[in-house]
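The values are calculated or read from the model by the stated rules, or taken from the named source; none is laboratory data. Since we're looking at a predicted model, the values are computed, not measured. All Cβ positions, even for glycine, are placed from backbone atoms using ideal geometry, and neighbour counts span all protein chains on display. With ligands, DNA and RNA removed, areas are computed over all heavy atoms of the protein, side chains included. Shrake-Rupley method; radii C 1.70, N 1.55, O 1.52, S 1.80 Å.
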Amino acid sequence: MKITNEQIQETYIQGKRVHSNEISLKEASNIIAEATGMKEGSAHVYVNTFIKIMLGTGYKRTINSYGVDYYLKNIKKDFDIEILLTAIASIKKHLEYYEGVGKSSQPKIHNILKKYTQEMALSPIFNEISNNLRSQTLLSSLDSSETRKSRLKVAVKKPQELEVITKVYIRNPDVVAETLNRANGICEKCNHPAPFKRAKDNTPYLEVHHKIHLANGGYDTIENTLALCPNCHRELHYGSENT
């Protein structure tokens, strides 16, 4: 039986309740099935996918293009722009997985992502959040590794300096994103998995460290960076062997 637009709209409503820990995934599936006639299994897939989209996690089971568009449209309306960025990153991961296993490239969903990415660029608050390194890194992560590497080939190696009370460096978000992508959730010093995942987007928590510090003339490049767990990062800065 074809999934209707009304059923998808109900999965969004109940998915938000699951996301806020108001009800369980099973309870949401039951409510949707009773209210709309949607099969519980299908309701489970859609709500579970919505939760993963909100967390920025990749997912394997595909949902239809109306569902993707409806979720993004309402995430944009109901949440802040960084959550929208997180959602777009999740859907991009799904597309990469789907194409990687030899399935459809899902051009409709690619076009939906392009539409929302372009809309974000016109948002009055987009420029404000894009000045934040974390937000810039999230934006960078939406691009492919090849796209980031092509930018890095021509990027300025010495970061811009900004005088505040002390000197800070305006770091390249592509360097951060590509270093984290290279590490793939594994600390590049101790070779252990990241100790936890970020609450905001469910990505592995690693910190990007410059082998030669920027303050000592080091370059802001992927060759001069390591993705480290917090413990190893602090050890490199404060450990007795490094003093």
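Tabulated results
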{"item": "Conditions (1) within 18 Å of the chain's Cα centre (by Cα); (2) surrounded by 16 or more Cβ atoms within 10 Å (Cβ to Cβ): number failed by LEU226", "result": "(1)"}
{"item": "Some residue of segment 41-57 being part of a loop (DSSP other than H, G, I, E, B), under 20 Å from LEU113 (Cα atoms) and not acidic (Asp, Glu)", "result": "yes"}
{"item": "Qualifying position, being open to solvent by 70 Å² or more (accessible area, probe 1.4 Å) and in contact (Cβ under 8 Å) with a residue 40 or more places away in the chain, among LYS2, LYS108, LYS60, LYS26", "result": "LYS108"}
{"item": "Selection count, segment 229-243, where residues are surrounded by fewer than 17 Cβ atoms within 10 Å (Cβ to Cβ) and either within 26 Å of GLY56 (Cβ to Cβ) or basic (Lys, Arg) (or both)", "result": "3"}
{"item": "Residue list for segment 29-40, filter: surrounded by fewer than 14 Cβ atoms within 10 Å (Cβ to Cβ) and either touching a Pro at 6+ places or on another chain (Cβ under 9 Å) or not in a helix (DSSP H, G or I) (or both)", "result": "GLY37"}
{"item": "Of the criteria (1) modelled with pLDDT of 80 or more; (2) under 17 Å from the mean Cα position of the chain (by Cα), which one LYS115 fails", "result": "(2)"}
{"item": "Complete set of residues in segment 204-223 that are under 24 Å from the mean Cα position of the chain (by Cα) and either surrounded by fewer than 16 Cβ atoms within 10 Å (Cβ to Cβ) or β-branched (Val, Ile, Thr) (or both)", "result": "TYR205, VAL208, THR221, ILE222, GLU223"}
{"item": "Residue list for segment 3-20, filter: outside any helix (DSSP H, G or I) and either more than 14 Å from ALA35 (Cα to Cα) or out of contact with any helix residue (DSSP H, G or I) (no Cβ under 9 Å at 6 or more places or on another chain) (or both)", "result": "SER20"}
{"item": "Which numbered condition VAL68 misses (of (1) part of a loop (DSSP other than H, G, I, E, B); (2) under 18 Å from LEU95 (Cβ atoms); (3) among the β-branched types (Val, Ile, Thr))", "result": "(1)"}
{"item": "Any hit, segment 152-170, residues being in contact with an Asp or Glu (Cβ under 8 Å, 6 or more places away or on another chain), at pLDDT 85 or above, in a helix (DSSP H, G or I) and surrounded by 13 or more Cβ atoms within 10 Å (Cβ to Cβ)", "result": "yes"}
{"item": "Residue in segment 70-78 that is open to solvent by 10 Å² or more (accessible area, probe 1.4 Å) and within 27 Å of ASN184 (Cα to Cα) present", "result": "no"}
{"item": "Pairs, first part of a loop (DSSP other than H, G, I, E, B) in segment 190-207, second surrounded by 12 or more Cβ atoms within 10 Å (Cβ to Cβ) and hydroxyl-bearing (Ser, Thr, Tyr), C-beta under 7 Å, six or more apart", "result": "ALA194/TYR205; PRO195/TYR205; PHE196/TYR205; ARG198/TYR205; LYS200/THR86; ASP201/THR86; ASN202/THR57"}
